[in-house]
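One structure is given below, encoded as structure tokens.
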Amino acid sequence: MLLGPHEKVLRSAYAVLERGPHGRDRPRPGVLYLTTERLVFESPRSRGVVRDLVGGRDVDRVLDLPLAELHNVAVRRGRWSRPRLVLDLGGHREVVDLLAPEEWSAAIGEARRGHAAEPAGVPAAAVPHATRTVVKVRCRYCGGLADEAHNRCPSCGAPL
């Protein structure tokens, strides 16, 4: 999986994509990656042992979804089956079977909040921050604290 600039992998796990895009209902095993900018599901093209040994393992990128396009993430609990992660993409849903779907749901939510908080295209270290120094002065009449810029004490009203 290729990562963009300033993109980091937050989580990865073996998963099975049960129902995916274009009405595909055939379960497909692969690896689900959560990065700081997107959610990616990659599945091996061939399950043949000889091909894997000779030419390496080719993968298909079944799902490559920016976090901004993800409408909702939920955990579906079946009556007799294990809980599954449901990704709502607006037009269709993806159902992913993996271990600890509740933790994945929380991690995707945190990644989406972190992605929305960062300004687009500017690293967090490059954002300028304004700092202001406040000097407090003690009142000689009542002993209260006041800002240096004030002319009178906020507690007793005496001139500073």
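So, in segment 71-112, exactly how many residues are among the hydroxyl-bearing types (S, T, Y) and surrounded by 15 or more Cβ atoms within 10 Å (Cβ to Cβ)?
Summing the residues that are among the hydroxyl-bearing types (S, T, Y) and surrounded by 15 or more Cβ atoms within 10 Å (Cβ to Cβ) in segment 71-112 gives 1.
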Given the residues A111, A107, A100, A74, which is the only one that is in the same structural domain as V16 (by TED's automatic domain parsing) and out of contact with any strand residue (DSSP E or B) (no Cβ under 7 Å at 6 or more places or on another chain)?
A100
So R26 fits all but one of (1) modelled with pLDDT under 70; (2) part of a loop (DSSP other than H, G, I, E, B); (3) of a type in the set (K, R); what number is the exception?
(1)
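May I ask you to verify whether V16 is modelled with pLDDT under 85 and of a type in the set (V, I, T)?
Working: modelled with pLDDT under 85: no; of a type in the set (V, I, T): yes.
Answer is no for this residue.
The values are calculated or read from the model by the stated rules, or taken from the named source; none is laboratory data. Fair warning: this is a prediction, and the values are worked out from it, not measured in the lab. A quick note on method: Cβ atoms are made from the backbone with ideal geometry, for glycine too, and the neighbour counts reach across all protein chains shown.
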